Every structure is written in structure tokens, then in C-alpha cells.
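Asks: The structure is given below, and queries will be raised subsequently.
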Amino acid sequence: MNHLKLWLGRSQPAQALLLTLFVLFTAASVYFSDKSVVAFLLLLGSLLLLYLTTFRTSIKWGIGAVLLVVVIPFATSGGPAHQSYMEVATQCGIYIAMALGLNIVVGFAGLLDLGFVAFFAVGAYTYAIFATPQANEFISGQLFPLPGGAFWIFIVLGGFMAALFGLLLGLPVLRVKGDYLAIVTLGFGEIIRIIFNNLDRPVNITNGAMGLSSIQPPSLFGFSFTFPNQFYFIVILILAIVIFSVKRLEHSRLGRAWKAIRENEIAAQSMGIPLIRTKLTAFAIGASFSGMMGVVFAAKQTFIDPTSFTLLESITILVMVLLGGMGSVPGVILGAALVTILNLQVLTELTNWINQLTLQGIIHIPNSISPSKMQRLIFGAILVLVAIFRPNGLITAKNKKVDAERLKTLSTGRSLSVTSPAKQHSGGVGQ
Amino acid sequence: MTILRVSKLVKRFGGLTAVGGVDFAFPRGKISAVIGPNGAGKTTFFNMITGIYTPDEGVIELDGASIVGVKPHQIVSMGIARTFQNIRLFGSMTVLENVMVGMHIHLKAGIVGTLLSLPAARHEEESVYLEAYRLLEFVGLQELLNEQAANLPYGAQRRLEIARALATKPKVLLLDEPAAGMNPRETAELIGLIRRIQEETGMSVILIEHDMKLVMELSEHILVLDYGTKIAEGGPDHIRSHPKVIEAYLGKSAVEGDNVRLEVVT
């Protein structure tokens with residue numbers, strides 16, 4: 001077994017062959033079966049397999065893009081379950097983006113945020129209010145709903161609004177640390193939900209508990225997006241931007257500052273890192289990912305109400321980050337995908353199956369303990385198990401390793417500059 | 001020439017006066033030391049200079065400009081860097097990354113530049129790696145650059161803290177008990193390192209230290225604190241035989257004995 005593993009690790013052609021066979025096999029089974037959850041999960045698993053290969057990063061990205069844009073949509077289009085597969089994939093994408101946003105706050109900057117879903121709600125409502133006649137209630141002129149073309153602007157706007165709320169929340173809240181921060185953000189999450197629930201008086205802005213329905217679907221050059229398999233591509237596009245941004249930020253001046261604050265606030269501040277401002281950027285950037293996906297969520301569901309944004313949602317996103325591995329981008333992606341699939345596919349399928357068995361009179365499991373109602377129990381169990389067996393998550397965050405030899409060669413023959421801050425300032429360090 | 005001047009510096013914690021009216025001028029480009037028994041107010045003194053505490057009274061001037069009330073992260077930009085008595089590294093980051101964090105204030109890359117990978121940001125990032133590596137070479141940690149900081153041996157962690165402080169390109173380097181917990185060989189290496197910092201960069205170094213061998217060997221100018229007040233100042237020879245210093249360290253009876261010199265007890 002170990003021999004095989006070693007050999008696979010060294011031989012890229014073997015990896016390529018294995019990956020191709022796996023993809024072909026799973027794609028074919030998804031395509032030709034009516035609805036097979038297992039086959040679909042295995043097909044998604046090919047992405048994990050791809051991650052484990054030793055190909056160059058750019059090649060991995062290329063293959064990943066082909067899998068996501070061509071193979072998965074095509075393979076699922078074979079049977080009647082096409083839309084339900086795509087719905088799951090779309091939800092996965094939405095949650096991955098949110099988990100990556102929360103990962104910036106919790107994983108990189110080390111700020112425990114239990115009200116993260118609030119930013120998702122802000123994004124969703126930003127689009128929903130203006131893409132329904134609702135905005136006519138407080139803006140005169142019967143200009144609304146805005147046409148579906150506005151959706152694309154609202155993706156940016158939703159991200160921006162969420163970032164703004166992140167800043168507004170952060171300013172008072174970031175003075176407290178640790179457990180206190182967790183409680184305050186939890187409170188904020190609830191406040192936002194309750195405000196949306198009650199903002200139908202005196203001026204009707206959110207339509208209160210009734211929610212907003214018939215939200216305009218996005219449109220592009222006359223083409224209207226209404227089905228999950230169409231939203232899938234919007235989500236993939238935004239997700240690509242999000243992953244790309246996170247990767248860039250992680251190993252930048254800002255990313256290092258976030259991690260430094262997580263590791264030791266006093267030392268970070270003694271290195272010239274402004275604590276509040278740096279934490280606020282983490283809040284704002286994390287929130288903006290969530291806000292963008294909120295807009296997509298509102299457009300996809302065509303109906304939103306405050307019950308979509310409960311504390312359980314915040315906890316779900318946090319579980320994704322913890323399960324995957326705090327601060328680890330591939331880990332968080334895996335964690336988010338697993339939890340979403342567990343929620344949408346495994347638990348629902350299990351419930352259906354048990355219901356069938358109950359109907360046939362084979363077993364008797366009361367409805368009150370059906371798997372889909374045990375979400376919270378299962379999350380709790382996941383958290384406990386992760387804490388015991390994989391405290392750093394499924395894929396542990398790795399530090400960036402640098403090529404020591406290269407730096408050594410570059411370094412020889414040059415003198416050290418640690419003197420004279422005044423001169424260094426004017427000369428710039430980037431020279 | 002004075003780089004850092006404090007006058008009538010006072011800090012109280014409730015009824016306790018941790019530092020009570022200290023005047024001192026630290027010479028530019030030299031190594032100075034602040035010594036005194038435990039609880040003498042040395043670290044409080046450092047914390048006021050680095051902005052972590054605001055003094056209740058008094059003046060702190062760096063190069064003639066007051067730094068009282070300036071925030072800690074801004075004081076770094078003005079040219080004061082420090083290490084900590086209880087090591088405060090960024091434990092789960094690599095050795096190289098720790099030094100790179102130290103260069104934060106000298107980098108300009110913003111969010112937009114980073115996201116779009118603009119040439120300026122990319123170029124800057126390249127040079128950060130190289131410069132951080134050279135600092136590691138300077139303190140002799142270049143072989144360990146990819147290690148997690150928390151996994152380094154104690155002495156190496158101390159040196160990494162110094163490298164990280166140097167990365168901010170300070171005018172004044174404050175070292176809070178740099179030799180604490182080091183064995184004699186590590187201490188000897190540290191003495192060499194501190195001397196090299198001062199000689200090669202002309203930086204002003206101020207250290208708090210209990211290891212009298214290190215203090216006497218390195219410092220040209222020593223400030224002795226006891227119960228928050230200055231009891232002596234001067235060169236090593238002057239301090240070594242100063243009766244008040246000996247009294248503070250060894251008690252009154254020691255002063256009456258013959259030929260007591262401070263290094264005897266260390």
C-alpha cells in the first residue's frame with residue numbers, strides 16, 4: 001500500500017491516468033443514472049483528487065476549471081435530476097465563498113465572529129429591495145423593480161454594502177477581544193435579522209416578516225437567468241474571483257499583518273501594525289464576499305425573508321471553517337463543500353429513505369427524529385470530533401515555504417540596509 | 001548628542017509609583033543600559049517609551065520631538081523598535097515571515113495593488129523576501145527560514161525577535177532582557193551580535209538586562225533605577241563601584257564590606 005502511494009506520488013502520468021479514469025467513470029455514472037447521490041458526490045470528489053495530485057499549480061487550476069465549467073454541468077445534464085444536482089453545486093459555491101470570507105476574519109485575523117450571516121443578509125436585501133416593487137414604498141417615481149441587467153452592478157454594490165456594515169459593526173465592536181467579541185458579533189447578527197424583520201414600519205423598507213417575493217432574475221443581453229444550472233455559472237465566476245483574491249491577500253503585506261494580529265496583538269502593534277484599522281479591513285473584506293453571494297442568493301431564490309438568516313446559518317459557516325481548517329484556503333473550501341452536501345444531499349436523502357422504509361412498514365422512526373431535523377446535533381458532533389481528532393481541520397493551514405537557495409544566491413554580494421530610517425523612507429524599500 | 005531624552009517621567013498604577021520622575025539622556029549611536037533590581041520600573045520605563053503606557057507626567061523626546069501620547073504603532077514609524085522580556089513571536093508563522101511582518105511600515109502595497117498584482121506591489125513583495133533573508137543572515141538564522149517560529153530553540157527565538165525589530169529600521173533599538181534564559185555561550189554570541197548591530201549600523205541600542213557581564217561589557221552609559229527613581233548613572237566603572245547601586249542589589253551591609261564590586265555577585 002505504501003509502495004503504491006510512493007509510486008503515485010512520484011509518477012505524474014500515473015496520477016493523470018488515475019484522475020482521468022476516475023472523472024470518466026463518475027461522470028458517466030452521473031450521466032447515465034437517473035439520480036445517484038453517490039455518483040454525484042464522487043464526481044465532486046474528483047476535485048479533491050485533483051488537489052492531491054502533484055501537478056503544477058497552473059495546471060491544477062486549468063483542470064479544475066475544465067471540470068467545473070464543462071464536465072460537471074455536462075455530466076449532470078443526462079438525467080431528470082439535472083436541476084437538483086446543479087442546485088446543490090450552486091449552494092456549495094455560495095457557501096464556499098462565505099466560508100472563505102469568514103476564514104479571513106476567523107482564520108487569518110483570529111477574530112471569532114458569530115454573526116457572519118448578517119452580511120449575507122445585507123447583500124441579499126440590497127438586491128431584493130431594489131429588484132422588487134418594494135423600493136417604490138420609500139422612493140417615489142415607480143422606478144422599481146429595476147431590470148435584471150442591474151443585477152451585475154448589484155453584485156458589486158451588495159459586496160460594498162456588506163463591507164460598509166462590516167466597518168460599522170467593527171468600529172465599536174473591535175475594542176473587545178476573544179469571547180466578548182464572539183458574543184457581541186452574535187448579538188449583531190441577531191439585531192440585523194430582527195431589524196429586517198421589523199423594518200416594515202413606520203416606512204416599509206424590508207416588508208418585515210412577509211419577506212420579499214418575485215425578485216427579478218438577472219439578465220444579460222436579453223438572456224434571463226432563472227434555473228440553478230444558469231446560476232451555477234454566475235456562482236463559479238464570483239467564486240473564482242473570491243478564491244483568487246484570498247490567495248493573493250494571504251501572502252501579502254495585509255495577510256501577514258492579519259496573521260501577526262492573530263498570533264500576538266502586542267507584538268503586532270510594536271511592529272507598526274495599526275490594530276483597529278487592520279482588523280476592520282479583515283471584517284470589511286470578509287463581509288464583502290458574503291454580501292456578493294447574498295445578492296446571488298436573493299436572485300436565485302426569488303424570495304427572501306428574515307428566516308433565511310438565523311444564528312444557525314452563522315454557526316453553519318463557522319463549522320465549515322473549523323472543519324476544513326482555520327486559515328487554510330483549500331481546507332475551508334473542502335469544509336464548506338462537505339457541510340453543504342451533508343445538509344442538502346445526505347441528510348435529505350437519508351430522510352427520504354427512512355420515510356420510504358417507514359411507509360413500507362419495515363421500520364418505525366418517528367418524524368421528530370428524522371435526520372434532517374438533527375442538523376444541530378450533527379454539527380455539534382462534528383465540532384467535538386474535529387476538536388478531538390483534527391484540531392487543525394481536515395487540511396491544515398500550511399505556511400508558505402520559500403526557496404532558500406534562491407534567496408541565498410540573490411543575497412550574496414549585497415549589503416544589509418538596516419540604517420537610517422529617514423533615507424530609507426525617501427528612497428523607498430521597493431528598489 | 002542625544003537621541004532619546006526623558007525628563008521628569010512619572011507613571012503611577014493606583015497608589016504605586018512605578019516610575020517617579022526619571023531624567024536621562026540616551027546618547028546617539030551608542031549602547032546604553034537600564035538596570036536595577038526586580039520591580040525597579042525598567043519595563044514600565046520601556047513601555048512608556050514605546051507608547052504602550054502613557055506617562056502621567058514628564059516628557060519623552062526622540063530626536064527632539066515629543067512622542068508622549070503617540071500610539072504604539074506610530075512610534076515604530078518614528079524609529080523606535082523593541083523586543084520583549086517574555087518572547088512575543090508570531091509563533092505559527094515561519095521565521096522569514098516574522099521578519100517580513102517587521103517590514104510592514106516600510107511597505108506600501110495596498111489592497112488594490114495586491115489584488116491586481118500591480119508591478120509595484122509585486123516588485124516590493126520580491127524585495128521583502130530578499131531583505132528579510134539578509135536580516136536572518138545578519139543574526140545567523142538563515143538556515144531556519146522556513147521553520148515555524150514557535151519551534152525554534154530559545155536562544156534562536158531571542159535572535160529572531162532582534163531581527164524582527166531590526167526589520168523596522170529603527171533609530172533606537174530597545175532590548176528587554178535579551179539574555180534572559182540564555183546559557184553562557186549563547187550570551188557570548190548575543191554580546192557579539194549587539195556589538196555588530198551598533199558598529200555596522202550606528203544604531204542607538206538601549207537594553208534592560210540582569211546579566212551584569214553583558215551590561216558592563218557592552219554599555220557605555222548606564223541608568224540605574226530602584227523603586228522607580230534614578231539612583232545612579234554613568235559609565236560601567238562608575239556604576240560598578242557606586243555605593244547606592246551595590247546597596248540596591250545587595251543590601252546596606254554589603255556596602256560596608258571591603259571592595260565589593262557588582263560583578264562578584266552575578
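The values are calculated or read from the model by the stated rules, or taken from the named source; none is laboratory data. Here the structure is a predicted model, which is why all the values come from computation and not from measurement. When we count neighbours, we look across all protein chains shown, and the Cβ atoms used for this are built from the backbone with ideal geometry, even at glycine.
Asks: Give B:145, B:141, B:118 a once-over and let me know the one that is of a type outside the set (Ser, Thr, Tyr), more than 8 Å from chain A (Cβ to nearest Cβ), at negative phi and under 24 Å from the mean Cα position of the chain (by Cα).
Replies: Checking each option against the conditions leaves just B:141.
Asks: Collect the residues in the stretch B:102-115 that are in a helix (DSSP H, G or I) and more than 7 Å from chain A (Cβ to nearest Cβ), keeping them in residue-number order.
Replies: The initial filter retains those residues of the stretch B:102-115 that are in a helix (DSSP H, G or I), namely B:102, B:104-106, B:111-115.
Correct list: B:112, B:113.
Asks: Would the stretch A:344-363 turn up any residue that is of a type in the set (Gly, Ala, Ser) and touching a residue at least 24 places away in the same chain (Cβ under 8 Å)?
Replies: no
Table: residues versus (1) surrounded by fewer than 24 Cβ atoms within 10 Å (Cβ to Cβ); (2) out of contact with any Lys or Arg (no Cβ under 6 Å at 6 or more places or on another chain); (3) under 16 Å from residue A:170 (Cα atoms); (4) hydroxyl-bearing (Ser, Thr, Tyr).
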| position | (1), (2), (3), (4) |
| --- | --- |
| A:257 | no, yes, no, no |
| A:260 | no, yes, no, no |
| A:275 | yes, yes, yes, no |
| A:278 | yes, yes, yes, yes |
| A:282 | no, yes, yes, no |
| A:292 | no, yes, no, no |
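Table: residues versus (1) surrounded by 22 or more Cβ atoms within 10 Å (Cβ to Cβ); (2) part of a strand (DSSP E or B).
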site	(1), (2)
B:7	no, yes
B:11	yes, yes
B:34	yes, yes
B:43	no, no
B:58	no, yes
B:69	no, no
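Asks: Next question, about the same structure. With (1) basic (Lys, Arg); (2) at pLDDT below 90; (3) crowded, with 18+ Cβ neighbours inside 10 Å as the list, and residue B:88 as the residue in question, which single condition is left unmet?
Replies: (2)
Asks: Residue B:52 versus (1) out of contact with any helix residue (DSSP H, G or I) (no Cβ under 6 Å at 6 or more places or on another chain); (2) assigned to a loop (DSSP other than H, G, I, E, B); (3) within 21 Å of residue B:206 (Cα to Cα): which is the lone unmet condition?
Replies: Of (1) out of contact with any helix residue (DSSP H, G or I) (no Cβ under 6 Å at 6 or more places or on another chain); (2) assigned to a loop (DSSP other than H, G, I, E, B); (3) within 21 Å of residue B:206 (Cα to Cα), only one is false for residue B:52: (1).
Asks: Right, next: Take the conditions touching a residue at least 40 places away in the same chain (Cβ under 8 Å), facing chain A (nearest Cβ under 7 Å) and not in a strand (DSSP E or B) and apply them to residue B:87. Does it pass?
Replies: No.
Asks: Looking only at residues in the stretch A:249-297 that are touching a residue at least 60 places away in the same chain (Cβ under 8 Å) and among the basic types (Lys, Arg), which one is nearest to the other protein chains (Cβ to nearest Cβ)?
Replies: A:259
Per-residue answers, yes or no, for (1) out of contact with any His (no Cβ under 8 Å at 6 or more places or on another chain); (2) surrounded by fewer than 22 Cβ atoms within 10 Å (Cβ to Cβ); (3) facing chain A (nearest Cβ under 10 Å); (4) not in a helix (DSSP H, G or I):
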position: B:130; (1), (2), (3), (4): yes, yes, yes, no
position: B:155; (1), (2), (3), (4): yes, yes, no, no
position: B:160; (1), (2), (3), (4): yes, no, no, no
position: B:165; (1), (2), (3), (4): yes, no, yes, no
position: B:170; (1), (2), (3), (4): yes, no, yes, yes
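Asks: Still on this structure, please answer the following. How many of the residues making up the stretch B:36-95 are of a type in the set (S, T, N, Q) and on the phi > 0 side of the Ramachandran plot?
Replies: Going through the stretch B:36-95 one residue at a time, the tally reaches 0.
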